[in-house]
Each structure stands twice: as C-alpha cells, then as structure tokens.
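Single-structure report; data block below.
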Ligand code: GAR
C-alpha cells in the first residue's frame, strides 16, 4: 500500500520531527515524511531533515503581511510537494480558520500537556504550580480553537516531588517522542474513523494502550 505523504511544520529544535523521521526510516512504517517546513530560518530541525535526506523549505512569517497570506504560502509549499497530511511538531504559530478548514481531518498536533488541561504555553510550570501528580502529552486533530480537537492518544508521566520545570519537560518530551509516531501510524494505516469530533478506533492498538497506561 502507498505510504501517506506527510509534511511536518516546525519552528525550532525539531526533536519530535526527529522521532517522526526515525519511525518513517523504516519502509514498513505506513507514512513517509516528504517535506519539512519551518517558519523560522536556520533552525536545528531543518538540519535534522536535511541529514535524513528529506526536502526542506522555510516560509518566514515575517515576509507576509497577514496570517492568511502566510498560511496560504505554507499550503502552497506543502501542496507543491504533494503533501497529503500535516504534522505540527513544535510549530509555534497560531493558524487561521482557513488553514484549519483546508487541512480538516488531515492535520494533527502534539501538545505538551494532558489536554484539555493546560492549552497554550508554559504547560510544565503550570502543572507544577497546580500540584498535578500526573502530567503528559496529547496528540490531537487540529480544530480552530487553540490546542483543541479530537484526541488520538495521550501519554501520562508522574510528577515527582523534586521536579523542576526542566526535569518535568524532559520526562514529557521522552513520552512525546514515543507517542507521536504511534499516533501517526494509527492514522496512516487507516485505523481511525472520524465522525464530526468523535474518533472510532477500528482495532484497539496494543501499543497505544501501552503508551496511554505506561509511557
Ligand atoms: C514540544 O514539547 C511540543 O510538544 C511543543 O513544543 C515542543 C517542541 O519541541 N509544542 C507546543 O507547545 C505547541 N503548542 P521539538 O521542536 O523538540 O519537537
């Protein structure tokens, strides 16, 4: 079966991109990364893509006079490479309603919190401030409201008494790297049916359950 052609949008370090590149390096993985687009020039993630032999593009948001113009340029760039599906991986731009609609049910995001808790920024410090005993990450389809949309998978990690923002972020990041490729795999192998905002998993994946319960 043809592999799903994926474009990854990044703004920086690209460690989640790396996890996707590593998974897709296996020819048996049902998705391939065909393009990596950054809105910030010269970020580390672009280097990771080049090293993996994947095409890259920079669409600098500062070069566009509106969000709509920027988002249209990103869509054009993705479509020139025949991208069918978009993964946001540390893409730190709010996207427009038009962009969300264009890629409806064809775009997912990873967020460093157990949504619907802590949408937005500073998720690890906020989890510490609230005294959470569990924290984690979520992969979800993108809807217009920031960090919202049908949840594909979550990974939970413990919050330890001695945790700092950095130590907690690093524990969550390790879980992100496992969760994101697993969720993309579920989609690419057509294991998920979407009806409105509700998801049905055709075959409960053992791996997903392991991730959710035991990251
Ligand atoms: C990740 O922790 C990702 O979940 C987060 O940014 C980091 C990017 O790291 N994304 C968001 O906060 C989006 N709301 P990476 O560039 O090393 O993958």
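FYI, it's all coordinate maths here, none of it is from the lab. All values derive from a computational prediction rather than experimental measurement. Quick reminder, even Gly has a Cβ in these numbers, built from the backbone with ideal geometry, and neighbours come from all protein chains shown.
General remarks:
- Filtered residues of the stretch 80-122 (kept if more than 22 Å from residue 178 (Cα to Cα) and free of Cβ contacts under 8 Å to residues at least 60 places away in the same chain): 80, 94, 95, 96, 97, 98, 99, 100, 101, 102, 103, 104
- Residue within the stretch 34-50 that is without any contact (Cβ under 8 Å) to a residue 24 or more places away in the chain, touching a helix residue (DSSP H, G or I) at 6+ places or on another chain (Cβ under 8 Å) and within 16 Å of the ligand (Cβ to nearest atom) present: no
- Counting only residues that are out of contact with any strand residue (DSSP E or B) (no Cβ under 7 Å at 6 or more places or on another chain) and in a loop (DSSP other than H, G, I, E, B), the stretch 1-31 holds 10 of them.
- For the stretch 65-75, the criterion of being touching a strand residue (DSSP E or B) at 6+ places or on another chain (Cβ under 7 Å) and either without any contact (Cβ under 8 Å) to a residue 12 or more places away in the chain or not in a helix (DSSP H, G or I) (or both) is met by none of the residues.
- Wholly within the stretch 99-210, strands (runs of 3 or more DSSP E) carrying at least 2 residues that are within 16 Å of the ligand (Cβ to nearest atom), surrounded by 13 or more Cβ atoms within 10 Å (Cβ to Cβ) and within 17 Å of the chain's Cα centre (by Cα): 107-111, 134-141, 151-158
- For the condition assigned to a loop (DSSP other than H, G, I, E, B), away from the ligand (no atom under 16 Å from the Cβ), surrounded by 14 or more Cβ atoms within 10 Å (Cβ to Cβ) and under 17 Å from the mean Cα position of the chain (by Cα), residue 83 qualifies.
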